[in-house]
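What follows is a set of notes on a single structure, which appears directly below.
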Amino acid sequence: MSRGYNFSAGPAVLPEDVLRQAQAELLEWSGARASVMEISHRGKDFIALAEQAEQDLRDLLAVPSNYKVLFLQGGATQHFAQIPLNFARRDQAVDYVLTGDWSEKAAKEAKPLAQVRIAASSADSNYDRIPARAEWNLDASAAYVHVTPNETIRGVEFHDIPDVGGAPLIGDVSSTILSRPFDVSKYALLYAGAQKNIGPSGLVVMVVRDDLLERCPKDIPKIFNYAEHAAQGSMLNTPNTWGWYLAGLVFKWVKAQGGVAAMAARNRAKAELLYGYIDRSGYYRNPVEKSARSWMNVPFTLPREELDAAFLKQSEAAGLLALKGHRAVGGMRASIYNAMPLEGVQALVDFMKDFAARNG
Ligand code: PMP
């Protein structure tokens, strides 16, 4: 058996070069005479690795100097709760824009901690679009505005960063970070679970503006306090050292590919190939409004649900893995993150053509 093309939504495909390097240095990393997983996070070797990974991410995203980069744990889900805990008072309004399942979950987790307002939502059209900015009903006094620039389940993506006026903009960029260039300074805080474009699960990368950190309350446990994590260089407690190491390798890989602009050119070509075929096929269907279609997650349905099982079985046999759609949507979903090569998407399209011809 050989490695297939892995279309999993996350944990997701990692660059093969990165996996090979990790394999080659698994037993003895650098000059440590031990695995990178077996050495102290406070030793000078690991600290150098950690600093280099941070610098590479700063370079890739052009992070301004008045932002901290944190390497945290807990998954994006923990931060759905930790963000309101740090940046809003219980009696304060926080604005959430609902564009799919993940923004819904983020808003739900904030409910016990602040006055959650739904500033806009496309739930009424089954999350098939981004509500137009003119429809957003923002509270000028809100502690922050929360958006999910890419909804991993429905495959809905913001292609521009909205202007939200004075309130700090917070973005859950779990499934879009590093896929294309964007202006970090439009956000006060960005966070991403690593298991799509960064590395293994169990690591969360956060980019946060210094003035926001000044809001972190002193009366919450330190382990939940972002300002404490920032003050201690994300080493308040033992970090996910293995995740940090792999993220560092992925950042180097993205740089070697030509950086985020090169990733964007490749991601655009992959998305155009797949959506172009779906639209022309008259067989497969993607329900998302064209202007809001994700470059990273492409859900599609077959003409009859009875065909799904055969499609999944045969695609898997052809080495095209993990195409089953999320249970909330049904059908299929192809996640085509940075590490998915164009050849993988071409192989998928070729299979889809053949399947349609055989099951018309
Ligand atoms: N936000 C988005 C956009 C996601 O795609 C996911 C997971 N797929 C999450 C949050 C939750 O991440 P985690 O499972 O790491 O908590």
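The values are calculated or read from the model by the stated rules, or taken from the named source; none is laboratory data. Note that the structure is predicted; figures quoted are calculated from it, not measured. When we count neighbours, we look across all protein chains shown, and the Cβ atoms used for this are built from the backbone with ideal geometry, even at glycine.
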Got at least one residue in the range 337-346 being surrounded by fewer than 15 Cβ atoms within 10 Å (Cβ to Cβ), of a type outside the set (Lys, Arg), outside any helix (DSSP H, G or I) and at pLDDT 95 or above?
-> no
Result of the Cβ filter at 6 Å on the range 58-80, keeping first residues that are within 16 Å of the ligand (Cβ to nearest atom) and partners that are of a type in the set (Phe, Trp, Tyr) and at pLDDT 95 or above, at least 6 apart or interchain, is PHE71/TRP244; HIS79/TYR191
Please specify each residue of the range 12-29 satisfying the condition of being in a loop (DSSP other than H, G, I, E, B) and surrounded by 16 or more Cβ atoms within 10 Å (Cβ to Cβ).
-> ALA12, VAL13, LEU14, PRO15, TRP29
Failed item in (1) touching a Gly at 6+ places or on another chain (Cβ under 8 Å); (2) over 25 Å from PRO11 (Cα atoms), with PRO303 passing the rest | (1)
Quick one: would you say ALA140 is within 16 Å of the ligand (Cβ to nearest atom) and not in a strand (DSSP E or B)?
-> no
Subset of the range 89-102 that is surrounded by fewer than 21 Cβ atoms within 10 Å (Cβ to Cβ) and away from the ligand (no atom under 16 Å from the Cβ) - its residue that is nearest to LEU212 (Cα to Cα) = ARG89
Does SER179 meet the test of being in a loop (DSSP other than H, G, I, E, B), of a type in the set (Ser, Thr, Tyr) and within 16 Å of the ligand (Cβ to nearest atom)?
-> yes
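Considering only residues that are crowded, with 24+ Cβ neighbours inside 10 Å and more than 10 Å from the ligand (Cβ to nearest atom), which ones fall in the range 152-163? Before the answer, list the steps.
So in the range 152-163, the residues crowded, with 24+ Cβ neighbours inside 10 Å come out as 152, 154-157.
Answer for the range 152-163, where residues must be crowded, with 24+ Cβ neighbours inside 10 Å and more than 10 Å from the ligand (Cβ to nearest atom): ARG154, GLY155, VAL156, GLU157.
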Number of positions in the range 190-213 that are crowded, with 24+ Cβ neighbours inside 10 Å and more than 14 Å from the ligand (Cβ to nearest atom) | 1
Any residue at all in the range 103-111 that is more than 16 Å from the ligand (Cβ to nearest atom) and assigned by TED's automatic domain parsing to the domain that holds TYR187?
-> yes
